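J.: This is the structure I want to talk about, given as structure tokens.
The values are calculated or read from the model by the stated rules, or taken from the named source; none is laboratory data. All values reported here derive from a predicted model rather than from experimental measurement. Counting neighbours? That spans all protein chains shown, and the Cβs are built from the backbone with ideal geometry, glycine included. Accessible surface areas use protein heavy atoms only, side chains included; no ligands, DNA or RNA. Shrake-Rupley method; radii C 1.70, N 1.55, O 1.52, S 1.80 Å.
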Amino acid sequence: MLITHDTRCALDTVVDLVNTAPEDDTADGLADVPSLADFVRKHDISDVGVLSERDLAAVRGVRGRFAGVFAADEPRIAAGLINELVAAAGTTPRLTDHDGYDWHVHYFAPGASVADHLAADCGMALAFFVVAGEQDRLRRCEAPDCRRAFVDLSRNRSRRYCDSRTCGNRLHVAAYRARRKEAAG
């Protein structure tokens with residue numbers, strides 16, 4: 001599956017957005033307007049005006065819908081959620097080259113809110129996976145104490161953890177220690 005630069009950026013953004021949701025022992029990564037502004041800056045989201053509490057509430061709503069896409073156990077459910085997100089955003093595809101990037105497609109309407117921007121661009125990036133029959137690559141970490149979202153871009157669809165250096169390594173070390181303890185008797 002060919003993934004263009006702008007699609008990859010949108011995938012990274014939607015994964016990070018979903019992972020800002022509060023979990024059992026973590027705080028909301030979008031706790032206030034300054035944290036939303038940091039998120040926008042970190043992901044280089046263009047055409048965003050002054051952010052407000054209304055934007056924060058709307059982005060949290062979009063985040064919850066995207067979390068549903070990652071939780072969907074069949075493509076029809078994911079497609080329905082993506083369709084609702086993209087339609088509500090008033091998607092208007094247009095070619096653009098800005099900020100040193102070559103030609104790429106923006107799906108949000110000029111002047112769209114940050115929530116509509118995320119719903120349109122990130123929704124379309126996820127739509128490409130559903131269309132290609134690759135919805136199963138939209139996953140949650142299999143570590144028992146982690147439920148972070150990620151997109152499995154491995155060739156053989158074998159990625160199980162959000163980060164092999166943390167979750168994956170931690171579980172491998174625990175399994176190794178358990179085997180050694182059992183062998184020692």
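J.: As I understand it, the value is the acute angle between the Cα axis of helix 169-184 and the longest principal axis of the Cα atoms of the chain; what does it come to in degrees, rounded to 10?
T.: 10 degrees
J.: So, one more: Could you pull the accessible area for His106 with a 1.4 Å probe, rounded to 10 Å²?
T.: Ignoring ligands and nucleic acids, His106 comes out at about 10 Å².
J.: Let me ask another. For region 128-170, just say rounded, prolate or oblate: build the C-alpha gyration tensor, square-root its eigenvalues into a ≥ b ≥ c, call rounded for a/c under 1.5, and beyond that prolate if a/b exceeds b/c, oblate if not.
T.: It comes out prolate by the Cα gyration axes.
J.: Based on DSSP H runs of at least 4 residues, each adding -39500 (n - 2.57), what is the mean residue ellipticity at 222 nm of the chain after dividing by all its residues, to the nearest 500 deg cm²/dmol?
T.: After summing the helix terms and dividing by the residues of the chain, the value is -16000 deg cm²/dmol.
J.: On to the next question. Considering only the other residues whose Cβ falls under 10 Å of the Cβ of Trp103, what net charge follows from Lys and Arg at +1 and Asp and Glu at -1?
T.: -3
J.: So, with a 1.4 angstrom probe, what is the percent of accessible area on region 1-103 that is carbon and sulfur?
T.: Roughly 53 percent of what the probe reaches on region 1-103 is carbon or sulfur.
J.: Relative to a virtual label point 7 Å from the Cα of Arg179 in the Cα→beta-carbon direction, which members of region 110-148 show backbone nitrogen distances below 18 Å?
T.: none
J.: Measuring from the lowest to the highest alpha carbon on each principal axis, how far does the chain reach, largest first, in angstroms?
T.: Projected onto its principal axes, the Cα set of the chain covers 67, 36, 34 Å.
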